[in-house]
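Structure record follows, encoded as structure tokens.
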Amino acid sequence: MMMRYCIVCLLLVIVSFGQVNAQENRNGFRLDTIYKPGAKRQVVKAPVKKSVPLKSSVSRKVGKWTLSGSCGMSFGDYTSIDVSPQVGYRWNEFFSAGGGVSYNYHHSSNRYDMNYLGINVFGRVNPVRYIALQIQPELKGSWGKSYGKKIDFRYVPTMLVGGGGVIPTGTGSISVMFYYDVIQNEYSPYGKNWVCSVGYSFNL
């Protein structure tokens, strides 16, 4: 009976020591002199891994060149073709600027048949995400026919002011903008109407 009791106690001591040793190893240290009275503990610290901050997948890239543009077509009694490629540079996440060229063709049966070719510059501000405000001065050259009369080449100044929404994509953004020509030259292709433009911008 006494022998059985001693064996049980010995097994309990061995199991307890194994649990303590495993727990200490998990906590990053071990005791080399646990059974030597008066000996100092020798602690070995486990290496600590430094956390590396992850870049947000929605963070906006700044300081990048962009290639953008818009185009529109309508056919029938009134035909309109608009093509406007632009190159821009984003100085930061709030401001971008650039310039481009544009071509507009407007035709109405027995009324007019006009061409507009011009250059433009633009400045865009993004006060908040998904919202853009833009100003775009333009200088166009126009020629064609109006009510059967030939129209010689002439310069037409315009200035589009407006804003709209911008939806970021993986390679750029899609924009839906509304503009109004504040100069209102009598030969302006925009007239007194608001202009809707749908475009796409590529990050270069």
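Assorted remarks:
- Sum of side-chain charges, T158 neighbourhood, beta-carbon under 11 Å (Lys, Arg +1; Asp, Glu -1): -1
- Rolled with a 1.4 Å probe across the full set of protein chains, the surface gives F153 an accessible area near 120 Å².
- The HN-Hα couplings worked out from phi for the range 158-163 by the Karplus form 6.51 cos²θ - 1.76 cosθ + 1.60 (θ = phi - 60°) are 9, 8, 8, 10, x, x Hz, whole numbers, x standing for Gly and Pro.
- Note on the range 117-183: Rg/Rh from Cα positions, Kirkwood definition for Rh, rounded to two decimals, is 1.15.
- Top positive-direction residue, dipole computed over the range 91-204 with Cβ charges, set M177, V128, V166: M177
- Label zone of L139 (point 7 Å out along Cα→Cβ, amide N under 17 Å): in the range 80-103 this covers 98-103.
- For the range 61-128: span of alpha carbons on each principal axis (Å, largest first): 49, 22, 16
- List V87, V156, ordered by accessible area with a 1.4 Å probe, largest first: V87, V156
The values are calculated or read from the model by the stated rules, or taken from the named source; none is laboratory data. Every value quoted in this text rests on a predicted model; they were computed, and no experiment measured them. FYI the Cβ positions are ideal-geometry reconstructions off the backbone, even for glycines, and counts take in every protein chain you see. Only protein heavy atoms, including side chains, enter the accessible area calculation; ligands, DNA and RNA are left aside. Shrake-Rupley method; radii C 1.70, N 1.55, O 1.52, S 1.80 Å.
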